[in-house]
1. Out of 245, 231, 235, which single residue is among the polar types (S, T, N, Q), farther than 22 Å from residue 7 by Cα and open to solvent by 70 Å² or more (accessible area, probe 1.4 Å)?
2. Output the qualifying pairs, or none if there are none: Cβ atoms under 6 angstrom, residues six or more apart or on different chains, first residue in segment 237-249 and more than 13 Å from residue 24 (Cβ to Cβ) and in contact (Cβ under 8 Å) with a residue 24 or more places away in the chain, second residue assigned to a helix (DSSP H, G or I) and open to solvent by 30 Å² or more (accessible area, probe 1.4 Å).
3. Hey, could you check segment 193-228 for residues that are in a loop (DSSP other than H, G, I, E, B) and open to solvent by less than 30 Å² (accessible area, probe 1.4 Å) and say which is nearest to residue 7 (Cα to Cα)?
4. In segment 137-162, what residues are open to solvent by less than 70 Å² (accessible area, probe 1.4 Å), touching a Phe, Trp or Tyr at 6+ places or on another chain (Cβ under 6 Å) and assigned to a helix (DSSP H, G or I)?
5. Restricting attention to segment 100-136, and to residues there that are aromatic (Phe, Trp, Tyr) and crowded, with 21+ Cβ neighbours inside 10 Å, which single residue is nearest to residue 12 (Cα to Cα)?
6. Taking the options 50, 46, name whichever one is buried (at least 18 other Cβ atoms within 10 Å of the Cβ), closer than 22 Å to residue 244 by Cβ and at pLDDT below 95.
7. From the list 56, 77, which residue is at pLDDT 80 or above and open to solvent by 60 Å² or more (accessible area, probe 1.4 Å)?
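The values are calculated or read from the model by the stated rules, or taken from the named source; none is laboratory data. Computed from a prediction, not measured in an experiment: that's the story for all the values here. Backbone-built Cβ (ideal geometry, glycine too); neighbour counts: all protein chains shown. When the accessible area is computed, the model is the full protein with side chains, heavy atoms only, and any ligands, DNA or RNA have been set aside. Shrake-Rupley method; radii C 1.70, N 1.55, O 1.52, S 1.80 Å.
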Amino acid sequence: MHDEKLFNSSHHNGDCPICFVPLPTLKSGSRYMSCCGKIICSGCSYAPVYDNQGNKVDNDKQNECPFCRTLAPKSEKETIKRLNKRIEAGDAIAVCTLGYYYRDGKCGMPRDYVKALELFHRAGELGFARAYSCIGYAYDYGRGVEVDEQKATHYYELGAMGGNVDARYNLGCVEVDAGNMDRALKHYMLAVGSGHATSLERIKEFFVEGEGYATKDDYTKALRSYQAYLSEIKSAQRDEAAAASQENRYY
């Protein structure tokens, strides 16, 4: 029953609330807006703002949230204030984002792995699957806790069953280390369908360099799956944003 749930979990990021194109898996392909709690794709975030006559508006307007039109925060203090307001509203992504800041020592927060883990647990309980992947990583590499591979796997599984593609990929790596190549391939195939490019590379390695760990049909299926994902998320606006900056890459 555990495996049935583990390997039947799907991953979908939802749609950008502005262009209604599915959000990409790659983190640089979207932005979390602490003003309204929306996740905006890189294309809509990058797109310039025009007035009714088609003229590009002033710089302040360019720094507005594309969704709610709130001006971007002008200081780290203001960023944290907005984030805490979203946290009070029960926003799981805001909770996890504050966890990132404590984990990485960014946005004026001191590096505190214990505090970060506390926030990741809270975000996971609120339904944000990526937080479980962060907890798994902490146990995998001893960030604020003792290294514990069993607990790392447990939290990766929670993340994968909740739809997080990074957790799914990490489970594939766990199975490779354990010598369970069939199970690793299953995880990588599921991750590829959700746009995880590194998983596609692992399947290619299984086919080209492995000892029959992946067949030609497996690799062909993975390529088609990844192409299907790209056809869903691609847009001219996102391409323009990605061409302007690596920070806007979305695949």
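1. 231
2. Pairs found: 247/28.
3. The residue in question is 194.
4. 152, 155, 158, 159
5. Checking each candidate, the answer is 128.
6. Values: 50 fails: buried (at least 18 other Cβ atoms within 10 Å of the Cβ).
Answer to the check: 46.
7. Values: 56 fails: at pLDDT 80 or above.
That would be 77, the only listed residue that is at pLDDT 80 or above and open to solvent by 60 Å² or more (accessible area, probe 1.4 Å).
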